[in-house]
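Before any comments, here is the structure.
Read-outs throughout are calculated quantities, based only on the coordinates presented, and are distinct from any laboratory measurement. These numbers come from a predicted model, not from an experiment. Note: ideal-geometry Cβ built from the backbone for every residue, glycine included; neighbour counts use all protein chains shown.
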C-alpha cells in the first residue's frame with residue numbers, strides 16, 4: 001500500500017450510517033400500492049424524477065431526486081445488529097462473531113492506500129461519531145482513523161508553544177529510540193504517535209471550526225447538521241473519508257411516532273448536504289453514501305417493524321455518475337429484494353473505485369498474511 005501524503009481536492013466519501021436498522025419502506029421504497037401493513041406508514045412523496053418515490057417525510061430530499069441514486073436491490077442475509085453492521089460498514093460478512101472485528105472499515109482501507117494524513121496533517125479517515133465495528137482489524141491500529149469527538153477536537157489544539165513542543169518530542173525520540181525495534185505493533189504505535197504530532201503541529205484543527213462558516217446557521221440546530229457541515233469542511237481541507245452516524249432506527253413499536261421524530265431531521269440535512277456540496281463545487285468529487293445495517297418487516301402487533309436483512313437501505317449521491325435513477329426492486333410487498341441485486345461487497349468496491357483504489361490491492365496483515373481487500377466478482381453499482 002502507498003503511504004504517500006494525500007492531496008487536496010481529490011475524490012472523497014461522506015458515509016452516513018443510520019444505526020438500528022432503518023425501515024426502507026419509510027425511507028427509500030414506500031411501495032404506495034401495497035396494503036397498510038406493508039406500505040409506508042408516512043405515505044409517500046413524488047420526487048422531481050418521474051417514477052421515483054420516497055417515504056412521505058422526505059419533503060426536502062424529494063426536490064433532489066435528480067441528484068441521488070436509490071438501490072432497492074441492496075441486501076444481505078444477517079439480521080443481527082452487530083454482525084449486520086460489520087457486513088455493511090466493511091463489505092464482509094461476520095456471522096455469529098458478536099462484536100469481533102474481522103475486516104477493516106472502508107475508511108481504514110482508504111487510510112492505508114491513500115496515506116494516513118493530508119499535507120496539512122489532517123487525517124485521511126475521520127469519524128465524527130462512533131459506529132460499531134469502526135476499526136482497522138488486521139491492518140493495525142495505525143489505520144483506525146481519527147475519532148473527532150468533542151474531546152478529540154479539543155486535543156487538536158496545541159497547549160504550549162511549538163518550539164517547546166518540538167523540544168519535548170526530541171527528548172521522547174531519544175528515550176524511544178530502541179523501543180520495540182523490529183516489532184510491528186510497536187512500530188505502528190510509533191507511527192500512530194507521529195500522525196498525532198502532524199495533526200497538532202499543523203493547521204488541521206482549523207477545519208473543525210465551523211462557527212464562522214457561511215452556512216453555519218443552516219446546519220447549527222442539530223448534532224447531525226453540525227457534523228455534516230464539519231464533514232464538508234474537513235474534506236475541503238484534505239480528508240478523504242468521513243463517517244457520520246444518526247442512530248435510533250430500531251423501531252419495533254410505534255414506528256409512526258419514531259419516524260416523525262427522526263426522519264425530518266435526516267431529510268433536512270441530507271438535502272442541505274447536497275445543496276452545499278454543489279454550491280462549493282464538491283458535488284462531483286465527493287460521494288455521499290446513506291445506508292443502514294438492514295431493513296425491516298411488515299407492521300407487527302406493536303405497530304412497529306422487526307428486522308429484515310433481505311431488504312436494505314442504500315442511497316448514493318455523486319454528480320460525476322448518472323443520478324436520478326432507481327436501481328433494482330423488491331417484491332410487490334417490499335419484503336425481499338428481487339431485481340438489480342447488490343450486496344455490501346459491491347458497495348465496498350463502488351466506494352474504493354471512486355477513491356481510485358485498485359481492485360487487485362492486497363494488505364499484509366499483522367500476522368504476515370496477504371489479504372485481498374476486494375472480491376474479484378464485486379461490481380461497481382454506479383457503472
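What FRET efficiency comes out for residue 383 versus residue 138 if R0 is 35 angstrom and r is the Cβ-Cβ distance? Round to the nearest 0.05. Calculated value: 0.75.
Each of residue 247 and residue 173 was given a label point 7 Å from its Cα along the Cα-to-Cβ line. The distance between the two points is 4.1 nm. From most to least packed by mean Cβ count within 10 Å, the peptides 113-125, 301-313, 216-228, 76-88 give 113-125, 76-88, 301-313, 216-228. When 146, 64 are sorted by how many other C-beta atoms sit within 10 angstrom of their C-beta, beginning with the fewest, the order is 64, 146. Distance between the C-alpha centres of segment 251-326 and segment 339-355: 17 Å, rounded to the whole angstrom. Segment residue 338..residue 361, full-extension length gain: 5.2 nm, with 0.36 nm per residue of separation and the alpha-carbon distance subtracted. Given their separation in residues at 0.36 nm each and the Cα-Cα distance between them, residue 369 and residue 302 gain 19.2 nm when the chain is fully extended. Note on segment 225-311: along the principal axes its Cα atoms extend 49, 24, 17 Å, ordered by decreasing extent.
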